[in-house]
Amino acid sequence: MSLVSGPGKGAGSSSIHEVYVQKHVDYIKNLDTRRDELEYWLTEHLRINGVYWGLTALHLLGHSEALPRKETIDFVLSCQQDNGGFGAAPGHDAHLLCTVYAVQILVTLDAVDELETRGRGGKQKVASYIARLQDKETGCFMGDEWGETDTRFLYGAFNALSLLGSLDIVDVPKAVSYIQQCENLDGGYGIHPGAESHAGQIFTCVGALSIAGRLDLINKDRLGAWLSERQLDNGGLNGRPEKLEDVCYSWWVGTSLAMIDRLHWIDGDKLALFILRCQDPESGGFADRPGEMVDVFHTVFGLAGLSLLKFDGIKEVDPI
């Protein structure tokens, strides 16, 4: 996709028609230099998440080398606990989501083998940690030892295990059955059976079904209709009816539509313009919507949305 280039006049300006690559690269590189700020330490519970978001954003921008590879690997391995799982930062308790981020980072850096040489037990121990979190009765997954279940955890488990080549050590059919129970009459999926449809949870359920090779279980037209209705007049997408648009749904909604071959059901040009208006052309980064403060979370998902739309200059990614 190509839009006419033009100079930006500030975040939220309708004249922004390009991605300010170097500004975004510099913004991400500088995130770890703000250790004198209180916010840096208040967000320690998101540290490994932030590394994944930043690394992926840099990869999409074609500058994956901007984060030092060795130091990044060292940090990830320092977050691993004796049970094989990973925490958000060194010394933090292991959690499934942090473990998924760790695996994805190592895969992105082609460093999974580091688990064998420097990790605590190798790939198999990581896979075993994840497998132990599956609820044997329902097939869903817990986030940690305390028992909370969520379709996000189910998708994360499938994601990490498939990357480790160990999906066969969990009960895939039972997990798939659980996802089917989360489907609603409107075609969407919720956080658990009976919960309202939400675009984020739809991504996790459709993504897990894609990994399991069971997209045939989805009513694609019904789900595609619900997802396409998430686009608002300004081109942005929301997560559920009557909510504001948010740039992160460019990925959650967009990739769900892509997985069921319905991405063309939304206006890609309008969505791309909305995403571009969310960037800060002076300091870099993307915000949830035009004029708001930028953060690394919305930066990666804004760029991921542009990648789905095959925007010029952004590396394309496979939805799953």
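Within the set of pairs 6+ apart or on separate chains, which have a first residue in the stretch 152-180 that is closer than 18 Å to residue 108 by Cα, a second that is among the basic types (Lys, Arg), and C-beta atoms under 6 Å apart?
Hits for this filter: 164/123.
Looking at (1) in a helix (DSSP H, G or I); (2) touching a helix residue (DSSP H, G or I) at 6+ places or on another chain (Cβ under 6 Å); (3) open to solvent by 20 Å² or more (accessible area, probe 1.4 Å); (4) farther than 20 Å from residue 306 by Cα, which is the one condition that is false for residue 251?
(4)
Using beta carbons and a limit of 7 Å, which pairs, at least six apart or on different chains, have the first residue in the stretch 133-147 and farther than 18 Å from residue 176 by Cα and part of a loop (DSSP other than H, G, I, E, B) and the second one aliphatic (A, V, I, L, M) and open to solvent by 30 Å² or more (accessible area, probe 1.4 Å)?
Close Cβ pairs (under 7 Å, with a partner that is aliphatic (A, V, I, L, M) and open to solvent by 30 Å² or more (accessible area, probe 1.4 Å)) do not exist here.
If only one of 46, 77 is farther than 22 Å from residue 294 by Cβ and either modelled with pLDDT under 90 or in a helix (DSSP H, G or I) (or both), which one is it?
Unique residue meeting the criteria: 77.
Residue 187 versus (1) touching a helix residue (DSSP H, G or I) at 6+ places or on another chain (Cβ under 9 Å); (2) more than 14 Å from residue 129 (Cα to Cα); (3) part of a helix (DSSP H, G or I); (4) small (Gly, Ala, Ser): which is the lone unmet condition?
Against the list (1) touching a helix residue (DSSP H, G or I) at 6+ places or on another chain (Cβ under 9 Å); (2) more than 14 Å from residue 129 (Cα to Cα); (3) part of a helix (DSSP H, G or I); (4) small (Gly, Ala, Ser), residue 187 comes up short only on (3).
Among the residues of the stretch 276-294, is any part of a helix (DSSP H, G or I), open to solvent by 30 Å² or more (accessible area, probe 1.4 Å) and farther than 30 Å from residue 181 by Cα?
There is at least one residue in the stretch 276-294 that is part of a helix (DSSP H, G or I), open to solvent by 30 Å² or more (accessible area, probe 1.4 Å) and farther than 30 Å from residue 181 by Cα.
Specify the residue that is nearest to residue 292 (Cα to Cα); the eligible residues are those in the stretch 254-275 that are among the small types (Gly, Ala, Ser) and open to solvent by less than 20 Å² (accessible area, probe 1.4 Å).
272
Among the residues of the stretch 254-275, how many are assigned to a loop (DSSP other than H, G, I, E, B) and aliphatic (A, V, I, L, M)?
2
Only one of these conditions is not met by residue 266: (1) out of contact with any Cys (no Cβ under 6 Å at 6 or more places or on another chain); (2) of a type in the set (Val, Ile, Thr); (3) under 24 Å from residue 153 (Cα atoms). Which number is it?
Every condition holds for residue 266 apart from (3).
Filter the stretch 108-132 down to the residues that are assigned to a loop (DSSP other than H, G, I, E, B) and on the phi > 0 side of the Ramachandran plot, then identify the one that is most open to solvent (accessible area, probe 1.4 Å).
110
Scanning for something among the β-branched types (Val, Ile, Thr) and either within 22 Å of residue 263 (Cβ to Cβ) or at pLDDT below 95 (or both), does the stretch 298-308 turn up at least one residue?
yes
Which residues, taken from the stretch 68-97, are at positive phi and either open to solvent by less than 40 Å² (accessible area, probe 1.4 Å) or aliphatic (A, V, I, L, M) (or both)?
84 - this is the single residue of the stretch 68-97 that is at positive phi and either open to solvent by less than 40 Å² (accessible area, probe 1.4 Å) or aliphatic (A, V, I, L, M) (or both).
Can you tell me which residues in the stretch 166-184 are open to solvent by less than 60 Å² (accessible area, probe 1.4 Å) and part of a loop (DSSP other than H, G, I, E, B)?
166, 170, 182, 184 - these are the residues of the stretch 166-184 that are open to solvent by less than 60 Å² (accessible area, probe 1.4 Å) and part of a loop (DSSP other than H, G, I, E, B).
Looking only at the stretch 133-160, count every residue that is under 19 Å from the mean Cα position of the chain (by Cα) and open to solvent by 10 Å² or more (accessible area, probe 1.4 Å) and tell me the total.
So the count comes out to 5.
I'd like to check something: does the stretch 205-222 contain any residue that is assigned to a helix (DSSP H, G or I), β-branched (Val, Ile, Thr) and either touching a Leu at 6+ places or on another chain (Cβ under 9 Å) or open to solvent by 20 Å² or more (accessible area, probe 1.4 Å) (or both)?
yes
Given (1) farther than 16 Å from residue 96 by Cβ; (2) at pLDDT below 95, identify the lone condition not met by residue 146.
Single failed check for residue 146: (1).
What about residue 149, is it touching a Phe, Trp or Tyr at 6+ places or on another chain (Cβ under 9 Å) and not hydrophobic (A, V, I, L, M, F, W, C)?
yes
Can residue 163 be described as in a helix (DSSP H, G or I), open to solvent by 20 Å² or more (accessible area, probe 1.4 Å), more than 30 Å from residue 242 (Cα to Cα) and aliphatic (A, V, I, L, M)?
The answer is yes for residue 163.
The values are calculated or read from the model by the stated rules, or taken from the named source; none is laboratory data. The structure displayed is predicted, hence computed values, not measured ones. Cβ coordinates were reconstructed from backbone atoms using ideal geometry, including for glycine residues, and neighbour counts include every protein chain displayed. Surface accessibility is based on the protein's heavy atoms, side chains included, excluding ligands, DNA and RNA. Shrake-Rupley method; radii C 1.70, N 1.55, O 1.52, S 1.80 Å.
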